[in-house]
Amino acid sequence: MLNFRHLHYFWVVAQEGGFARAAERLDMAIQTVSTQVRELERSLGHQLLKPAGRGVALTEAGQTAFARAEEIFRLGSLIPEEVRQAAQGPTARLAVGLSDGISKLAAHALLAPVLGTESLRLLCHEGEVDPLLAELAMHKLDLVLAGRPAPHKPGLRLSSELLVQAPVDWYGPKTLVHAAELREFPLCLNRLPVLLPTAHSALRGTLDHWFAEQGLQPNIVGEFEDSALMAVFASRGLGVFPVSRLGGEDLERMHGLRLLGHVEEVKEEIHAIRSRRGQHHPLVLQLLDAARRAP
């Protein structure tokens, strides 16, 4: 049987890059930590650490052991919280990754069908697509919502589905959106202050192409990764902005915003990306089914 205490000491030494710092972190004598790591190496039959300057580095065998130790102790750190949750009663856990390029207002609309689930524990992680897909492949996430399908990488074993292709509407504060602007849309974007998603968003490229087709040179005064934050700044009078029609319903709750115009030819795509395990998650299946049945 593997001695997990020895494995833990090795893991800390590898993280700290040396026995002295590891011993200080563990509040133990350096000799004790060193002895325990050597015992682990003897039990495995391979050297895991090698001298590197004033510290140590991982051998190839050590890299493999360290990767497994990372996974083991990450899972171990979840035990107290999961035990606490189990003692309180069953929960419906859903961990969703939201690409930083998609409309968060649209993402909220997609998640709405499961938000009323009893004892729901919703975990939302926002970030760039590649790290989110790595977490999905490691089963840390149940679903990723992104502006693009998953890249074809056989090792990841992920599946993508185009969930939404929603037209874009333009909104702005009442102080900027008047009857004249409504009649002159989209030419009014040349003079009104405009807020746009950053280049992280697939929608930004589509909008730039549409601007060129329309001969528009928008007066861009702000760029945002988060559509909900963009809507907040717009409601305070900073400018007009585009938003997926799917997320437009949430704007009705935001005081001071008015519809400026519709752009049917510009659409925001949201793809649902799942791992094999995620294909059977009941809440994932529920929200995907609701999206497929939506008009």
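Given R₀ = 22 Å, what would the calculated FRET efficiency be for Ala180 paired with Ala112, taking r from the Cβ atoms and rounding to 0.05?
Details: r = 35 Å, r/R0 = 1.61.
Step by step, r from the Cβ atoms, then E = 0.05.
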His8 accessible area, nearest 10 Å², 1.4 Å probe?
60 Å²
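Loop only per DSSP, at most 16 neighbouring Cβ atoms within 10 Å: give me the trypsin sites (Lys or Arg not before Pro) in region 32-137, ordered by residue number. Please list the in-between numbers first.
On the way: sites: Arg38, Arg42, Arg54, Arg68, Arg74, Arg84, Arg93, Lys104, Arg121; in loops: Arg54.
Hits after loop and neighbour filter: Arg54.
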Nitroxide proxy distance, nm - points 7 Å out along Cα→Cβ at Lys50 and Phe233:
5.0 nm
Going by amide H atoms built from the backbone, whose H comes under 5 Å of the H on Tyr171, apart from near neighbours?
Phe241, Val243, Leu260
Arg292 and Val83 label points (each 7 Å along its Cα→Cβ direction) are spaced in nm at 4.1 nm
Can you find, among His139, Leu110, Gly55, the residue sitting farthest towards the positive end of the charge dipole of region 55-151, where Lys and Arg contribute +1 and Asp and Glu -1 at Cβ?
Leu110
DSSP-assigned coil residues among trypsin sites (Lys or Arg not before Pro) in region 131-202, each with at most 16 further Cβ atoms within 10 Å
Lys140, Arg157, Lys174, Arg191
From the helices alone, meaning DSSP H stretches of at least four residues, give me the mean residue ellipticity at 222 nm for the chain, per-run term -39500 (n - 2.57), in deg cm²/dmol to the nearest 500.
-13500 deg cm²/dmol
Select from Ala52, Ala212, Ala146 the residue whose mean-square fluctuation is largest in a Gaussian network model of the chain (Cα-Cα springs shorter than 10 Å).
Ala52
Identified option (computed volume of the Cα convex hull per residue in Å³; candidates (i) 199; (ii) 207; (iii) 129):
(i)
What angle, in degrees between 0 and 90 and rounded to the nearest 10, separates the Cα long axis of helix 30-44 from the longest principal axis of the Cα atoms of the chain?
90 degrees
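The values are calculated or read from the model by the stated rules, or taken from the named source; none is laboratory data. Since the structure is predicted, the reported quantities are computational estimates derived from the model, not experimental observations. So basically every Cβ, Gly included, is an ideal-geometry build from the backbone, and we count neighbours across all protein chains shown. Calculation scope for accessible area: heavy atoms of the full protein, side chains included, ligands and nucleic acids excluded. Shrake-Rupley method; radii C 1.70, N 1.55, O 1.52, S 1.80 Å.
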